[in-house]
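Chemist: Please read through the structure below; I'll follow up with questions.
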Amino acid sequence: MKRFLSFSLVLTMIMVILAACGTETGGTAKTTVTIVSSLPRTGSSKGQTDTIVNAIKMRLEEDKYAACNGNVEIKYEDLDDATAAKGAWDETKEAENANAAASNKDVMVYIGTFNSGAAKIAIPILNNAGIVMISPANTYPGLTKEGKGAEGEPAVYYPKGTRNYTRVVPADDLQGAAAGNWAKELGVTNVYILDDTELYGKGIADVFAATAEANGIKIAGRDSIDSKASDYKALMSKIAATNPDMIYFGGITQSNAGQLVKDMRAAGMTADKVKFMGPDGIYEQAFIDAAGADNAEGVYATFGGVPPSKLEGKGAEWYNAYKAKFNAEPEAYAAYGYDSTNVALAAINKSCDSINRETILKNVFATKDFDGVLGKWGFDASGDTTLTQMSGQQIKNGAFEFIQVLK
Amino acid sequence: MAASQTPSSPQAAPLVPREPFLTKRRAFSIVGLIIFLGFFAIPIYQTILLEMWDSPRQLTQQIVIGLTKGTYIAVIALGYTLVYGILELINFAHGDLFMIGAFLSLIFISLFGLDPKTSSGITIFFSLLGILGLVMLCTAFLNAGIERFAYRPLRNAPRLAPLISAIGMSFVLQNVGIFLGDGLIWDKIADGLGSDAIGRVADAMGTQSVAPKNIPDLLPNGQVFFIPDSLKYTYKDLLVAVVSLGLLAGLYSFVRFTKLGKAIRATAQDRDAARLMGINADRTISVTFLIGGALGGAAGMIVGLYNGTALFSMGFTAGLLSFTAAVLGGIGNILGSALGGLLIGLILALSDQYIGTRWSNAVIFAILVLILLFRPTGLLGQEGGQKA
């Protein structure tokens, strides 16, 4: 038995070595660049990320998965950073994805993450590996901007001292402020602010609070919720006693925003008496499904951009092409996923002479006046988009409806 | 059977204790707790007390909310206590059984096509009553089945084995919940059978199996007529409290006064002695699991309708609270669990109001630790009957 074991061990080793040789010698002259995306593909963010991945694939198909006149082959891997058990993104899973990307030398572009908290984990790993990240959805300011997040941010995320992270959406310091100004325009005088204690939610609620106060809106109270609680009846009773005319929730659908709205309505705060506003984290169909269409009616949501159906020029063309191809409405971030891939391909095409992580990273950062579906935009030195256009939405007849452009 | 309980028996921890409620030791520990709270807690929480004094209406409102929540926590806690009392097993799967109860009620509601806008009140009332029976039946047999196949073969194994088995069952049930919540599967079944009713289930589940499901608001939302308008108390709240208390009272009298209840108590006290007296222990344990399962399913339906949400992970959260309630009240003791549940509901609501929602869980466990310091067996737990 022992002999058999050692024999099979040796055999396996030989096979492994042979297999390894095979791949190395088997490579042709064609260079391969792998683009990976790391998004929550399980859980209730799936509705959003499905349309992002669709948009990424759509863009790659347009160029037939090739760049540099066919000399470079593009491969795409759709990684999941969520687990079914959590129903949302998971720290370990995100680190696993980033490490897998870092160790595969073909991976030169990392599209992701979806959640800002996940970006905190992925950026340092990929920074050490020198891989460029293009996020279609992260909005936490501290990832790129000094003084807008916690102390030491953003330097802590870039151990090598150089930047490797870019994002196509405007950060929350702009979105929170836009929400604060919008609340003023809507005639709000007394607002109760909630957050889900997460990086994204708390950050945006802080900015909202500061802007609202500056606009002369009274802050009736501020609380952080336990996003795993089964109900918020006691909390909503407490809030109702302060007579607010709006509740602002800094958080996402997955941190129980639906239950909040349900219990808010049950506590007698109907849509005509008390408004409910949230950031783009609740700007999705899953939120309406979770809250129930009747309860969600009248809820306001801001979004760091304009909805796909309101895009103009190239964007409108893309919107129609998407609908024709997938026979479905793209969710809010699909256009950002498309333009992320767009700038990635443009950077690869500019790096034909030396295809490596360093050149591609340099060329992504050099994106200026890029003519994408979102309009003419580029990245600044810290990796932030030059786009600043925001929009406000409201749920009417069970669906989000575009109300106005915000500044 | 009662004669078999001797003070010297270290095993004695009957589901319904025979000693008077207020013993000397109990009185001492309660006084100790009050002194502790008086001397240490009051200076710290002075502002909170002032706030309570300021708005008695809000205080009453939160007490009402807390007690309502407490009643359903108590019903779930009973499931833990029953099983612990008879098998000394912490049945981790019980919380998930509760979740299955919520999903089953959503499925039946969709199958029957109940809609608060179109169905008449009487239809809704009788359908819900029927659904409650169906759900309780399903979860009862599910629970008994779990006992038969996951716990009984391990009856004489070391104590950790059935515990691990229970944790395993908890995961299995969670995945059943994810499966039941997958609208795409329901869609395929509906297409295959050409059934509108199953199509409605598919719609209710949506396309995301792990996303929260919305349960239609079928319970009456009007203000209860004899409560002044300043205090919000709807028929929904009343119904939840009445049904939960009814279940509690029913279970208590069942275990206390019926022959089968006596057999359950005897098996809980000493399984081998009960066998010698001619009690079929296996059957008694099966009955206990049937009852526990029915209670879990009923709680699932009550909570599902009350909060309007079914989610595959709701069993874990509720299970943690209820298990804590059972330990707080004295696990293995029916009245203790009920008391623990009410207390936890109350603490949660008051902490949400006066301390802050994010601290509520910390407050509950701090109070649990405090009470266990003075009474290691829980508020109404038996002295010396500590079983791990």
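The values are calculated or read from the model by the stated rules, or taken from the named source; none is laboratory data. Computed from a prediction, not measured in an experiment: that's the story for all the values here. Note that we place each Cβ from the backbone using ideal geometry, even for glycine, and neighbour counts take in every protein chain shown. When the accessible area is computed, the model is the full protein with side chains, heavy atoms only, and any ligands, DNA or RNA have been set aside. Shrake-Rupley method; radii C 1.70, N 1.55, O 1.52, S 1.80 Å.
Chemist: Most mobile of B:LEU370, B:LEU343, B:LEU67 per a Gaussian network model of chain B (Cα springs, under 10 Å)?
Modeler: Sorting by GNM fluctuation, first place goes to B:LEU370.
Chemist: Okay, next question. Using a 1.4 Å probe and ignoring any ligands, DNA or RNA, find the accessible area of B:MET301 and quote it in Å² to the nearest 10.
Modeler: Estimated to the nearest 10 Å², B:MET301 gives 10 Å².
Chemist: May I ask you to list the lysines whose Cα is less than 18 Å away from that of A:LYS310, ignoring any residue fewer than eight positions away on the same chain?
Modeler: A:LYS323, A:LYS376, A:LYS396, A:LYS407
Chemist: Give A:LYS145/A:LYS350; A:LYS86/A:LYS233; A:LYS93/A:LYS148; A:LYS325/B:LYS117; A:LYS57/A:LYS350 a once-over and call out the pairs whose C-alpha atoms are over 30 Å from each other.
Modeler: Violating the 30 Å limit, Cα to Cα: A:LYS325/B:LYS117.
Chemist: In nm, to one decimal, how far is the A:CYS352 label point from the A:THR162 one, both placed 7 Å along Cα→Cβ?
Modeler: 2.4
Chemist: Mind listing, in residue-number order, the residues in the stretch B:207-222 that have at least 50 Å² less accessible area with every protein chain present than in their own chain alone (1.4 Å probe)?
Modeler: Going by heavy-atom accessible area, the residues of the stretch B:207-222 that drop by at least 50 Å² are B:GLN208, B:VAL210, B:PRO212, B:ASN214.
Chemist: Could you give me the ³J(HN,Hα) list for the stretch B:138-149, computed from phi with Karplus coefficients 6.51, -1.76, 1.60 and θ = phi - 60°, whole Hz, x at Gly and Pro?
Modeler: 4, 5, 4, 6, 4, 5, 5, x, 4, 4, 4, 9
Chemist: Rounded to whole Hz and in sequence order, give me ³J(HN,Hα) for the stretch B:49-64 from the Karplus expression 6.51 cos²θ - 1.76 cosθ + 1.60, θ = phi - 60°, writing x for Gly and Pro.
Modeler: Residue by residue, the stretch B:49-64 yields 4, 4, 4, 4, 5, 4, 10, x, 4, 5, 4, 4, 4, 5, 4, 5 Hz.
Chemist: Any chance you could check the stretch A:219-240 for residues losing 20 Å² or more of accessible area when the partner protein chains are in, compared with the chain on its own (1.4 Å probe)?
Modeler: When all protein chains are present, A:ASP223, A:SER224, A:ASP226, A:LYS228, A:SER230, A:ASP231, A:LYS233, A:ALA234, A:LEU235, A:SER237, A:LYS238 each give up 20 Å² or more of accessible surface.
Chemist: Can you compute 3J(HN,Hα) from phi for each residue in the stretch A:70-86, using the Karplus curve 6.51 cos²θ - 1.76 cosθ + 1.60 with θ = phi - 60°, rounded to whole Hz and x for Gly and Pro?
Modeler: Values, residue by residue: x, 7, 10, 9, 9, 10, 10, 10, 9, 8, 9, 9, 10, 10, 5, 5, 8 Hz.
Chemist: To continue, here is another question. Sticking with the crude label model, points 7 Å out along Cα→Cβ, report the distance from A:ASN71 to B:PHE225 in nm, one decimal please.
Modeler: Those two pseudo-labels are separated by 8.7 nm.
Chemist: Over the protein assembly as shown, give the accessible area per residue in Å² for a 1.4 Å probe, as an integer.
Modeler: 43
Chemist: Holding the Cα-Cα limit at 24 Å, pick out from A:LYS46/A:LYS368; A:LYS120/A:LYS362; A:LYS273/B:LYS69 the pairs that are longer than that.
Modeler: Listed pairs above 24 Å: A:LYS46/A:LYS368; A:LYS273/B:LYS69.
Chemist: Helix hunt in chain A: which complete DSSP H runs extend at least 27 Å axially by C-alpha with mean Kyte-Doolittle at least -1.0?
Modeler: Within chain A the helices that satisfy the rule are A:2-26.
Chemist: Which lysines, if any, have their Cα less than 30 Å from the Cα of B:LYS24, not counting same-chain residues under 8 positions apart?
Modeler: B:LYS262, B:LYS387
Chemist: Related question: Rounded, prolate or oblate: pick one for the stretch A:173-303, where a ≥ b ≥ c are the square roots of the eigenvalues of its C-alpha gyration tensor, a/c under 1.5 means rounded, and failing that, prolate if a/b is larger than b/c, else oblate.
Modeler: In terms of gyration-tensor shape, rounded.
Chemist: Okay, next question. Tell me, what is the percent relative contact order of the stretch B:80-182, built from C-alpha pairs under 8 Å that lie six or more residues apart?
Modeler: Answer for the stretch B:80-182 is 45 percent.
Chemist: If you take all C-alpha pairs in the stretch B:277-364, what percent of them are over 21 Å apart?
Modeler: Above the 21 Å cut-off, the stretch B:277-364 has 44 percent of its Cα pairs.
Chemist: With +1 on the Cβ of every Lys and Arg and -1 on the Cβ of every Asp and Glu, and nothing else charged, how large is the dipole of the stretch A:286-356 about its Cα centre, in debye rounded to the nearest 20?
Modeler: Value, rounded to 20: 320 debye.
Chemist: Here is a follow-up. Considering only B:GLY130, B:TYR151, B:ILE109, whose Cα is most displaced toward the positive end of the charge dipole of the stretch B:92-211, charges sitting on Cβ of Lys, Arg (+1) and Asp, Glu (-1)?
Modeler: Farthest towards the positive pole: B:TYR151.
Chemist: Who wins for biggest fluctuation among B:PHE226, B:PHE28, B:PHE257 in a Gaussian network model of chain B, springs between alpha carbons below 10 Å?
Modeler: Highest fluctuation of the listed residues: B:PHE226.
Chemist: Can you list the residues, at least 5 places off or on another chain, whose amide H is less than 5 Å from the amide H of A:LYS218, using H built in the peptide plane?
Modeler: Hits under the 5 Å cutoff: A:ASN190, A:VAL191.
Chemist: Identify the residues of the stretch B:134-174 with backbone N under 18 Å of a label point that sits 7 angstrom from the Cα of B:ASP272 along the Cα-to-Cβ direction, or state none.
Modeler: Label zone hits: B:155-159.
Chemist: Note down the relative contact order for chain A as a percent, whole number, built from C-alpha pairs under 8 angstrom at least six residues apart.
Modeler: 16
Chemist: Hey, another quick one. Could you compute how much accessible surface B:LEU129 exposes when probed at 1.4 Å, giving the result in Å² to the nearest 10?
Modeler: 100
Chemist: How are the C-alpha pair distances of the stretch B:122-262 spread across 10 Å bins, as whole percents from the shortest bin up?
Modeler: 9, 21, 31, 25, 12, 1
Chemist: Using a probe radius of 1.4 Å on protein heavy atoms only, what is the accessible area buried between chains A and B, both sides summed, to the nearest 100 Å²?
Modeler: 2300
Chemist: Using the Kirkwood formula over every pair of different C-alpha atoms, what hydrodynamic radius in Å results for chain B?
Modeler: One over the average 1/r among Cα pairs gives 22.1 Å for chain B.
Chemist: For B:ARG283 and A:ASN128, FRET efficiency with R0 = 45 Å and r from the beta-carbon atoms, rounded to 0.05?
Modeler: The calculated FRET efficiency here is 0.10.
Chemist: How big is the charge dipole of chain A about its Cα centre, in debye rounded to the nearest 20, if each Lys and Arg gets +1 on its Cβ and each Asp and Glu gets -1 on its Cβ?
Modeler: Rounded to the nearest 20 debye, it is 500 debye.
Chemist: Could you give the Stokes-Einstein D for chain A in µm² per second, using the C-alpha Kirkwood radius, 25 °C, 0.890 mPa s?
Modeler: The Stokes-Einstein estimate is 110 µm²/s.
Chemist: For chain A, what is the mean residue ellipticity at 222 nm derived from helices alone (per DSSP H run of n ≥ 4: -39500 (n - 2.57); sum divided by total residues; nearest 500 deg cm²/dmol)?
Modeler: Rounded to the nearest 500, the figure is -13000 deg cm²/dmol.
Chemist: Next question. In the protein assembly as shown, what percent of the accessible surface is made up of carbon and sulfur (1.4 Å probe, ligands and nucleic acids excluded)?
Modeler: Exposed carbon and sulfur together represent 62 percent of the surface.
Chemist: Right, another one. Divide the volume of the convex hull of the Cα atoms of the stretch A:99-214 by its number of residues and quote the answer in cubic angstrom per residue.
Modeler: 97
Chemist: Over the stretch A:173-303, calculate the relative contact order: mean separation of alpha carbon pairs under 8 Å at least 6 apart, over the residue count, as a percent.
Modeler: That works out to 26 percent.
Chemist: Nearest 0.05, what FRET efficiency do A:GLU312 and A:ASN190 give at R0 = 45 Å with Cβ-Cβ as r?
Modeler: Computed FRET efficiency for A:GLU312 and A:ASN190: 0.75.
Chemist: What distance in nm separates the two pseudo spin-label positions at B:PHE28 and B:ALA197, each 7 Å out from Cα along the beta-carbon direction?
Modeler: 6.2
Chemist: Pop out a list of residues from the stretch B:342-362 that are at least 50 Å² less accessible with all the protein chains around than in their chain alone; 1.4 Å probe, no ligands or nucleic acids counted.
Modeler: So the qualifying set is B:ASP352, B:THR357, B:ARG358.
Chemist: If you place +1 on the Cβ of every Lys and Arg and -1 on the Cβ of every Asp and Glu, how big does the dipole about the Cα centre of the stretch A:173-303 come out, in debye to the nearest 20?
Modeler: That gives the stretch A:173-303 a dipole magnitude of about 400 debye.
Chemist: Now, a different point. Choose one answer from A:ALA205, A:ALA85, A:ALA119: the residue with the largest mean-square fluctuation in a GNM of chain A with alpha-carbon springs under 10 Å.
Modeler: Checking each option, the largest mean-square fluctuation is seen for A:ALA85.
Chemist: Let me ask something additional. Can you give me the Kirkwood hydrodynamic radius for the protein assembly as shown, using every pair of distinct Cα atoms, in Å to one decimal?
Modeler: After inverting the mean inverse Cα-Cα distance, the result is 29.0 Å.
Chemist: Taking the Cβ-Cβ separation of B:THR118 and A:ALA150 as r and a Förster radius of 60 Å, what is the calculated FRET efficiency to the nearest 0.05?
Modeler: Efficiency computed from Cβ-Cβ geometry: 0.70.
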